[in-house]
Amino acid sequence: MVDDAVTADPYAAAAGLVSRSAAAYASSIPQHPADDGFFGPGSVAWRVSADLSSPVAGLRALHLQALHPLAMAGVNQHSDWRQDPVGRLAATSAYLATVTFGDCGSAERVAARVRRIHEHVRGVDTVTGQPYAATDPALLLWVHATFVSSGIVAAELFGTPLGAPDSDRFVAEMVTEAELVGVPRDLVPASTAELEAYIAEVRPELRCTPAARESMDYLLDPPGLDEDTAEIWRDIRDAAIAALPRWARQMYGYDAPPLMTPGRRTEIRQSLGVLDAMFLGQPGVLEARQRITLRMRAARPA
């Protein structure tokens, strides 16, 4: 384990967070897809991925993922996130965009690449003393579940709420995403009730390790952001912490978040809108977003 603070490393600066993530996203949205992919433009998965609350969902999911000591050990011991945190986030953005919006062949190719990488990620967690392997379906399932749960919660609080039927539909759709990375289908929650039960079942295994705290401290206040992005990021940080379950906030030792009044939620939504406008201003993003929007409109019932 590396104990040095990430902010002491000049290569850990988050400069280029918007531009590099935008470039990864734009390059992942197909211009001429061979098919509608595993979800399709009429899916809830497309709506959740396109929701303004996605940055909050992503930061919330990373918080929960880091609380699994074996999942965090794999990232801590095998990832280059300290040297290139923005690159790691951009790669994740590209992967999710391809799996969600790409055709089936593209999604299968990027998932196969991730599975190959995971084959080499194994070791022993220095905190618990337990061995881990990134190919372990249990670890893959935790990452998947936190991502799906966070999409629902963030949309409810800061985006366009799904409602119970579409939340269930989203969870069911995303079973395919878990399968792509190697989780057997019969292990994956397929409804919100199953998802909540699964998270409750895993909770006794969770803990805030030094690596988890280090990585989340970085993400809450990443160095190197320009002034405008840093101001917006403070709202996203507050939103993500507010969206965490109380038990997760307690594990990190976070103070109770300020009350999310309607006015405060409006402020956060406005910041998310400004961030999205910055994102759209990057090369290729507007065209990629238009391709998605046109396909979604075409899929709506007449």
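The values are calculated or read from the model by the stated rules, or taken from the named source; none is laboratory data. Everything numeric in this text was worked out from a predicted model, so none of it was measured. Ideal geometry is used to build each Cβ from the backbone, glycine not excepted, and the neighbour counts take in all protein chains shown. Note: areas computed on protein heavy atoms with side chains; ligands, DNA, RNA excluded. Shrake-Rupley method; radii C 1.70, N 1.55, O 1.52, S 1.80 Å.
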Amide N of the stretch 229-255 lying under 17 Å from the label point, which is placed 7 angstrom from the Cα of ALA200 along Cα→Cβ: 245-248
How large is the helix-only mean residue ellipticity at 222 nm for the chain, computed as the sum of -39500 (n - 2.57) over DSSP H runs with n ≥ 4, divided by its residue count, in deg cm²/dmol to the nearest 500? -20000 deg cm²/dmol
Residue by residue through the stretch 246-257, the couplings from Karplus 6.51 cos²θ - 1.76 cosθ + 1.60 with θ = phi - 60°, in Hz, x for Gly and Pro, are 4, 5, 6, 4, 5, 4, 7, x, 6, 5, 4, x
What's the ranking of 100-110, 20-30 by average number of surrounding C-beta atoms within 10 Å, highest first? 20-30, 100-110
Taking the simple approach of a point 7 Å from Cα along Cα-to-Cβ for both HIS32 and ASP221, what is their distance in nm? 5.1 nm
Estimated inter-spin distance, ALA256 and GLU108, nm [label 7 Å along Cα→Cβ]: 5.2 nm
Give me the distance between the Cα centres of the stretch 258-277 and the stretch 29-74, rounded to whole Å. 21 Å
Taking a ≥ b ≥ c as the square roots of the Cα gyration tensor eigenvalues, with a/c under 1.5 meaning rounded and otherwise prolate when a/b beats b/c, else oblate, which class fits the stretch 195-271? oblate
Report the extension gain between ARG246 and ALA91 in nm, rounded to one decimal, defined as 0.36 nm multiplied by the number of residues separating them, less their alpha carbon distance. 52.8 nm
Rounded to whole Å and sorted largest first, list the principal axis extents of the Cα atoms in the chain. 56, 45, 35
Between ALA230 and ARG122, what length in nm is gained on full extension when 0.36 nm per residue of separation is reduced by their alpha carbon distance? 35.4 nm
For the stretch 79-164 the translational diffusion coefficient, Stokes-Einstein from a Kirkwood Rh over Cα pairs at 37 °C and viscosity 0.692 mPa s, in µm²/s, is roughly 215 µm²/s
So if R0 is 22 Å, what FRET efficiency would LEU280 and ARG237 give, r being the distance between their Cβ atoms, rounded to the nearest 0.05? 0.50
Based on a Kirkwood Rh over C-alpha pairs, give the Stokes-Einstein translational diffusion coefficient of the stretch 130-236 at 25 °C and viscosity 0.890 mPa s in µm²/s. 154 µm²/s
Would you list TYR95, TYR218 from the most to the least accessible area, probe 1.4 Å? TYR95, TYR218
